[in-house]
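Data first, discussion second: the structure below is written as structure tokens.
The values are calculated or read from the model by the stated rules, or taken from the named source; none is laboratory data. What you are looking at is a predicted structure, and each value in this text was computed from that prediction instead of being measured. Cβ sites come from the backbone with ideal geometry, for glycine too, and all protein chains shown count toward neighbours.
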Amino acid sequence: MSNIAIRCEGLGKQYCIGGRERYGALRETITDTVKAPFRRLRSTLRGASRAQEKGSNTFWALKDLSFEIKRGEVVGIIGRNGAGKSTLLKILSRITAPTAGEVVIRGRVGSLLEVGTGFHPELTGRENIYLNGAILGMKKAEITRKFDEIVAFAGIEKFIDTPVKRYSSGMYVRLAFGVAVHLEPDILVIDEVLAVGDAEFQRKCLYKMQEIGKASRTIILVSHNMAAVRSICDTAFVLDKGKIISHGETNSVVDSYLAEQLYTNTQHAKVETESFSVDNVKIYSLNSSVIRTFDSVNVQVNFTAKTYIADPGLYIGFLNSDGQRLAGLDFKDFRTVPPIPAGQKGSLGFSISSLPLLHGSYQLEIHLKDMAEHKFEFINQPFGFEVIETPIYGGRKLDRWFGSIAINAQAIAEY
Amino acid sequence: METELIINSQEAVVSDDTPSLTIRPPGNWTSISLNELWDYRELLYFLTWRDIKVRYKQTVLGAAWAIIQPFFMMIVFSLFIGHLGGIPSDGIPYPIFVYCALLPWQLFAHALSESSNSLVANERLITKVYFPRLIVPISAVLSGLVDFAIAFIILLGMMSYYRIIPKLAILTLPLFLLLAIITALSVGLWLSALNVKYRDVRYTLGFLTQFWLFATPVAYPSSIIPESWRALYGLNPMAGVVEGFRWALLGKSEPPGAMLAVSVFVVLLLLFGGLHYFRRMEQTFADIV
């Protein structure tokens, strides 16, 4: 037991859904309170229990969660939005109370659920360092001791006595992060905060985190950034609908999660445009269950024609996670296909022999066309996919520093 | 709400003195952990300091506002109620009679509205970081003390102008000040916790303070209330505070005895009720704010 930092047993958190229970004007509660005895009487007469009545508009964000985290372990929590990751972190950091179960925590917990919590725009950088530090649980003496280090980390020496409302957003984030990474609790709980800042700064933060990790500090990290999870975490678990669905060594957990996610990413619900009904969009690798750099990849749009389409066409754009267009493919540049009658199923796509994208999240931008009518029908739903970290260029793992594009290159040397 | 800090003695023997914490679903009864509050005293300091620092940022007159408000109220009251209305003032010059009462009143009214809105105003903190939530309304109440101190200087000036020399009773002033703060805090605890769930509080507040001002002997002396009712009048704790201020500073003949006793009793009742209610609601703040 003594080397367990967190033990969690049967943890559950129930939320009420629907605005009624949440806000509710006072008047409503008063009328509710007055009505309640009658309602209860009525439901008792009908034989319905109150619990049933209550169950209809509640849901479990976390349900029956049990796990143990060892002291000094760095754990990644991954899962889709709404899987319960943030709720779990909020319970661990005592912001909200669980509805069921219990957690035993050994050590001082510091939580970093947001960068710059409590920053006040009117206060200067210096003042905000103290305020934010105190909010995050640092003692004044501790902040004073680390002050220079924080300022240097953020690189804002010149603006330290300027109100932070005059800061650029980059400076603001760097300062906030500077305070955060100097936090030294026994257990550090971090929620998706690495997503901020530019690539170089993210790298710096990751490096700092790894350093913290080495100091045998227990870290729990929620992130959508799989590269960060892989590089920092020893173990990981996947949350889905409030339950742990897999748990183990980071790389294998992340691989299977991404493969699963890829599968679900291609099975989108129908999207309707004016003359096409899109059944699904698939992007898959011919070499593996996940998509890696330089894999042979097929992109396929399966649809049903709603009207007669004289000259079917397709455009697919590849966007990075910031929405910047990296590349595009237009079907008409390659070939023409025969017309499709109304009601017929069809499939258009591209086969890419070597996908030149480095690891990261990308999106497809899709237009279906009828070239004869000069119609461009934009599919108004993003199709995301993930390229996983691939050892190219002699086995080294590349990070964001190398950009998004993979170049098939050879090194040459002449003396 | 049972998030208690237990130093697990059995394990402390085995390894080290790492604190162990058990998080469980909230129960009905909760204790107020003064230890924990003490641990977070620096945060209390910083939040109070922030509120003070930020209050008059980007204003032309700055801290002068702390004087302008009670000063002009004093003029308006003196003119309309004291001079034209002919309300008696226990033999004390009316301007200083009313200003002396306005000081604790303004402190109270400000502290009440700030603390009632404090949890909602600090929503970001509450949903992102753990700390004893009590710190938020407490710091909101304390931040009003600076304004009070500034406005107090004017009072000293007025006292020398009217040649009022304080008696030994002035030593009791901190007690009345404390009573004003605790009154504001106890009501603030109720209202801030209610405000998290029912934003109606915000709209009630202006009305409530206005009503309360009329029910408090600021513009008139409590001596116009019939003797037999005066103790009952103490049900309004601010009545005790205001009369206490006049007694301590202006040397009014009789101390507000029975009235004050009732006031203190009411405040203690409100305070413990408020603390209990606040603690009970505390764990749901982050979910519903």
Self-check item: Options A:LYS146, A:LYS140: the member that is among the basic types (Lys, Arg) and within 7 Å of chain B (Cβ to nearest Cβ)
Solution: A:LYS140
Exercise. Keeping to the stretch A:338-355, report how many residues are surrounded by fewer than 16 Cβ atoms within 10 Å (Cβ to Cβ) and assigned to a loop (DSSP other than H, G, I, E, B).
Key: 8
Quiz prompt | Of residues in the stretch B:253-289 being in a loop (DSSP other than H, G, I, E, B) and more than 14 Å from chain A (Cβ to nearest Cβ), the one farthest from B:ALA231 (Cα to Cα) | solution = B:SER253
Practice problem: Considering each of A:THR124, A:THR144 in turn, give the residue that is more than 26 Å from B:ALA286 (Cα to Cα) and either of a type outside the set (Ser, Thr, Tyr) or in contact (Cβ under 8 Å) with a residue 24 or more places away in the chain (or both). | Solution: A:THR124
Exercise. Residues being away from every other protein chain (no Cβ under 14 Å) and either surrounded by 14 or more Cβ atoms within 10 Å (Cβ to Cβ) or within 30 Å of A:ASN132 (Cα to Cα) (or both): count how many of those fall in the stretch B:135-161.
Key: 18
Exercise. Among the residues of the stretch A:102-124, write down those that are more than 7 Å from chain B (Cβ to nearest Cβ) and within 23 Å of the chain's Cα centre (by Cα).
Key: A:VAL109, A:GLY110, A:LEU112, A:VAL115, A:GLY116
Quiz item: (1) touching a residue at least 40 places away in the same chain (Cβ under 8 Å); (2) at the interface with another protein chain (Cβ under 10 Å from one of its Cβ atoms); (3) more than 22 Å from B:VAL54 (Cα to Cα): which one isn't true of A:GLY133, the others all being true?
Solution: (3)
Quiz item: Looking at A:ARG325, A:ARG335, which is the one that is surrounded by fewer than 14 Cβ atoms within 10 Å (Cβ to Cβ) and touching a Leu at 6+ places or on another chain (Cβ under 6 Å)?
Solution: A:ARG325
Quiz item: Quick one: would you say A:GLY76 is crowded, with 20+ Cβ neighbours inside 10 Å, of a type in the set (Gly, Ala, Ser), more than 30 Å from A:PHE147 (Cβ to Cβ) and at pLDDT 90 or above?
Solution: yes
Quiz prompt | Residues satisfying the stated conditions in the stretch B:83-99, i.e. in contact (Cβ under 8 Å) with a residue 24 or more places away in the chain, in a helix (DSSP H, G or I) and out of contact with any Leu (no Cβ under 9 Å at 6 or more places or on another chain) | solution = B:PRO95, B:VAL98
Quiz item: Hey, among B:LEU191, B:LEU250, which residue is within 14 Å of another protein chain (Cβ to nearest Cβ) and crowded, with 16+ Cβ neighbours inside 10 Å?
Solution: B:LEU191
Self-check item: Members of the stretch B:254-289 found to be polar (S, T, N, Q) and over 21 Å from B:ASN195 (Cβ atoms), listed by number
Solution: B:SER263
Quiz item: For the stretch A:387-414, how many residues meet the condition of being modelled with pLDDT of 80 or more and buried (at least 19 other Cβ atoms within 10 Å of the Cβ)?
Solution: 3
Exercise. Examine the stretch B:108-123 for a residue that is more than 14 Å from every other protein chain (Cβ to nearest Cβ), farther than 30 Å from A:THR117 by Cα and not polar (S, T, N, Q), and state whether such a residue exists.
Key: no
Exercise. Kindly provide the set of residues from the stretch A:123-155 that are outside any helix (DSSP H, G or I), at pLDDT 90 or above and either surrounded by 20 or more Cβ atoms within 10 Å (Cβ to Cβ) or touching a Lys or Arg at 6+ places or on another chain (Cβ under 6 Å) (or both), ordered by number.
Key: A:LEU123
Quiz item: What's the number of the condition B:ARG50 fails, among (1) in contact with a Pro (Cβ under 6 Å, 6 or more places away or on another chain); (2) modelled with pLDDT of 90 or more; (3) more than 22 Å from B:ARG202 (Cα to Cα); (4) not β-branched (Val, Ile, Thr)?
Solution: (1)
Quiz item: If a residue has to be within 8 Å of chain B (Cβ to nearest Cβ) and basic (Lys, Arg) to count, how many in the stretch A:81-101 make the cut?
Solution: 2
Exercise. Could you check, for the stretch A:64-76, whether at least one of its residues is assigned to a strand (DSSP E or B), at the interface with chain B (Cβ under 10 Å from one of its Cβ atoms) and on the phi > 0 side of the Ramachandran plot?
Key: no
